[in-house]
Every structure is written in structure tokens, then in C-alpha cells.
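Bear in mind that the values in this text are calculations on the coordinates, not laboratory data. None of the values given here were measured: they were computed from a predicted structure. Note: ideal-geometry Cβ built from the backbone for every residue, glycine included; neighbour counts use all protein chains shown.
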Amino acid sequence: MDYVNLGKTGLKVSRICLGCMTFGTPATGAVKAGSHAWALSEEDSQPFFRQALELGINFFDTANVYSRGESERILGRFLKTNTRREATVIATKLNGVMRDEPNGRGLSRKSIFFELDESLRRLQTDYVDLYQIHRWMVQAHSGKTNIMRLWAKRPAGWRILVYQEATLLDGPPAPLAGTAAVTPLAGASGASSLPTADQK
């Protein structure tokens, strides 16, 4: 396995990251945000986790909304049982609907503090290595109508470059990492974002 720096952080991650959206509780009945009928149970997910470790993958990505937290629970239990925390890099995300109430989703200060605590509890760890915003940072550019008009019409790679350039103008922190949806189900929907990895 090859290991590379995660942006400019100095953190070494395996070139392949195991995305954990597939692992959780298969949804039945009315499907809610973050739940999928095709999710793999904890038992069915074990071979994928074991093979990841055998191949040298040290980077695992999940999100609080995947199966309403069950993906984080499954990942946390597996890593605690099968590897050392300092040997793994855990990424998780927030923003999606976790509860059907006014503050049950979002990026308010309250949500960030609460959801991080909940993710740490489910992952059975004291810290995460990468905490990600689970959406495009569109509001940061609400004053730039010319950019906003084009935003939704361009591929992901173009949007990343726009965001990176806007950080130079507006002053918000530049992104350190991003994810690309390249899966058998999604196809190469994230392929257009891959060339931007060499831009910064």
C-alpha cells in the first residue's frame, strides 16, 4: 500500500480510503435520509474491514448520517477490537438529518459540538483525525451571484476550484480534503473532482 500526505496536514494516509456508507442497518419501510436498503449489516461488513487492514488501508471514512449513526458504531467496534487507534485515521462528517427536530441537522455551533460528541461515542474514540462538512460550501459565496449562477451547472471539479479560489478572496479556510463518489452504484460521479487534487 502507498501512503501519502493528507493535503498539507502532515498526516499519512493510505492512498485508498475505505468509505463506510455501505455499512449499517438495511433500511426497511419508508427510507429516511442516510438510510439505504442495500446497507450491509455488521456481520456482513466484517470481511471488508478485515481485507482493508490486510491490504494496509489505514484510512476509514464514515458520517454521522450513514444509517443514522450505525455505520460509525460498526466501524468503531471493529477498529477497537482489531487494531490500535494510533495506527488508524478516522474521518467522519456532519450536517445531515439525525433527528426530526429543529436542531436535528446542520452546522450551527450547537450542532457541531453535539454531533461530534455523539460521533466520538459511537466510534469509541477520544478524537477523529478529519471532521468534514458533508455538503458543498455554497453559502460562503452568497454574495457572488455570478459564481452562484454557474455553481449547480458545473461538474464537481469545477466547483472545488471555484471554492479554492474564493477562499483566497473571502478569507475562509481553504479545504484540506474532499471525497469523490466513485462506487459501483454511483459510477464515476466524482471523477471530475480528481484532477483538482493536483491543484493545491
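The value of relative contact order for segment 1-116, using C-alpha pairs under 8 Å at least six residues apart, is 24 percent.
Taking a ≥ b ≥ c as the square roots of the eigenvalues of the Cα gyration tensor, an a/c ratio of 1.5 or more together with a/b no larger than b/c marks segment 1-135 as oblate.
Total Lys pairs in segment 1-135 closer than 26 Å by alpha-carbon, pairs eight or more apart in sequence or interchain only? Walk me through the intermediate numbers first.
Details: 8/93; 12/80; 12/93; 32/93; 32/110; 80/93; 93/110.
Number of lysine pairs found: 7.
Points 7 angstrom from Cα along the Cβ direction at residue 108 and residue 30: gap in nanometres? Label-label distance for residue 108 and residue 30, simple model: 2.4 nm.
Please give the peptides 103-111, 116-124, 38-46 ranked by average Cβ packing (other Cβ atoms within 10 Å per residue), highest first, as a rough proxy for protection.
Values: 103-111: 13.2, 116-124: 17.2, 38-46: 15.0.
By packing density, highest mean first, the sequence is 116-124, 38-46, 103-111.
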